[in-house]
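This report refers to the structure that appears directly beneath it.
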Amino acid sequence: MKDVMKVLGAVFIAGFLLAGCCDDEYYCDDSGCFYCDGFGCRDADHGYPECTFGYECAEGEVCTELGCVAAECVVDEDCPAGTVCRPDASGGGTLCLEPDDEVPIERPDGCGTDRDCGDAGEFCGSDGECHADDGTSCDEDHACEEGMICVEATCVEGGGDADADGDVDGDVDADADADGDVDGDADSDPPPPQCRSNLECEADRGSGWECVDGLCKLPCEDDWECGIDCHCGGDGYCTDPPDGSE
């Protein structure tokens, strides 16, 4: 009977130890962060995604020399595993860093000049982001190729208005032929865009004009800025004068 009790006791103790070995305990000290169990400890690995500018990082992160780092933490529990909450270089904010990391210098949110974008054939757009200088991206200083217009920093084909189904319609004075179909007039081809960049509008119309969807428009806040027979539209641009008033 005693032998049986000894065996049962050994099984109970072994089971207790094995159960304890499966439970990881997470903790951090000055040397790093670790997961520990009954057999030992292992590093709580943490990596920083690479970045050059802040716009490349996820929301709630800032770009630093180390990479994208979670920011504005209050306690260690706010940080990803492997990091703790520490003051940033300015002392006015906080960053989630590994305990033994040196506090990194933060990088700017965006580029300031083309040189900031390196030698990869990119330019610094007016939105502060680096864009490929291959004719697919644009801003007021980088025009699109002929037949393209600049829409939200991207070169797209310019031309007529699209209807609800996405097709480009002919002129409103289209004629119906014998079989009842509506044919566009010979002059139904969409007109060429007025502009491909803000620079073209300023050269043609004057300072302050902007190229919007292939049209030169004057931004405004009040009607008096738009001149006679024009008013400031809801989109923040002056309307065109009525026909015959120009």
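Side notes on the structure shown:
- Residue, surrounded by the most Cβ atoms within 10 Å (Cβ to Cβ), within segment 58-74, restricted to residues that are within 15 Å of the chain's Cα centre (by Cα) and closer than 18 Å to Val103 by Cα: Cys63
- Neighbours by Cβ (under 7 Å, 6+ apart or cross-chain): first from segment 213-227, closer than 30 Å to Glu146 by Cα; second among the basic types (Lys, Arg): Cys216/Arg205
- Index of the failed condition, Asp109 passing every other in (1) surrounded by 14 or more Cβ atoms within 10 Å (Cβ to Cβ); (2) over 16 Å from the mean Cα position of the chain (by Cα): (2)
- Failed criterion for Asp100 (all others in (1) without any contact (Cβ under 8 Å) to a residue 60 or more places away in the chain; (2) under 14 Å from Ala44 (Cα atoms); (3) open to solvent by 70 Å² or more (accessible area, probe 1.4 Å) hold): (1)
- Residues that are more than 21 Å from Tyr27 (Cβ to Cβ), in contact with a strand residue (DSSP E or B) (Cβ under 6 Å, 6 or more places away or on another chain) and of a type in the set (Lys, Arg), drawn from segment 75-115: Arg107
- Index of the failed condition, Gly118 passing every other in (1) open to solvent by less than 80 Å² (accessible area, probe 1.4 Å); (2) modelled with pLDDT of 70 or more; (3) in contact with a strand residue (DSSP E or B) (Cβ under 7 Å, 6 or more places away or on another chain): (3)
- Yes/no for Asp133 being closer than 28 Å to Phe53 by Cα, within 28 Å of the chain's Cα centre (by Cα), at pLDDT below 80 and open to solvent by 70 Å² or more (accessible area, probe 1.4 Å): no
- Residue in segment 23-45 that is under 30 Å from Cys111 (Cβ atoms), touching a residue at least 12 places away in the same chain (Cβ under 8 Å) and touching a strand residue (DSSP E or B) at 6+ places or on another chain (Cβ under 8 Å) present: no
- Residue check for Gly9: open to solvent by less than 50 Å² (accessible area, probe 1.4 Å), at pLDDT below 85 and not hydroxyl-bearing (Ser, Thr, Tyr): yes
- Count - residues of segment 22-51 that are surrounded by 16 or more Cβ atoms within 10 Å (Cβ to Cβ) and of a type in the set (Ser, Thr, Tyr): 2
The values are calculated or read from the model by the stated rules, or taken from the named source; none is laboratory data. Keep in mind it's a predicted model, so treat the numbers as computed, not measured. Note: ideal-geometry Cβ built from the backbone for every residue, glycine included; neighbour counts use all protein chains shown. Quick note on the areas: whole protein, heavy atoms, side chains included, nothing else; ligands and nucleic acids left out. Shrake-Rupley method; radii C 1.70, N 1.55, O 1.52, S 1.80 Å.
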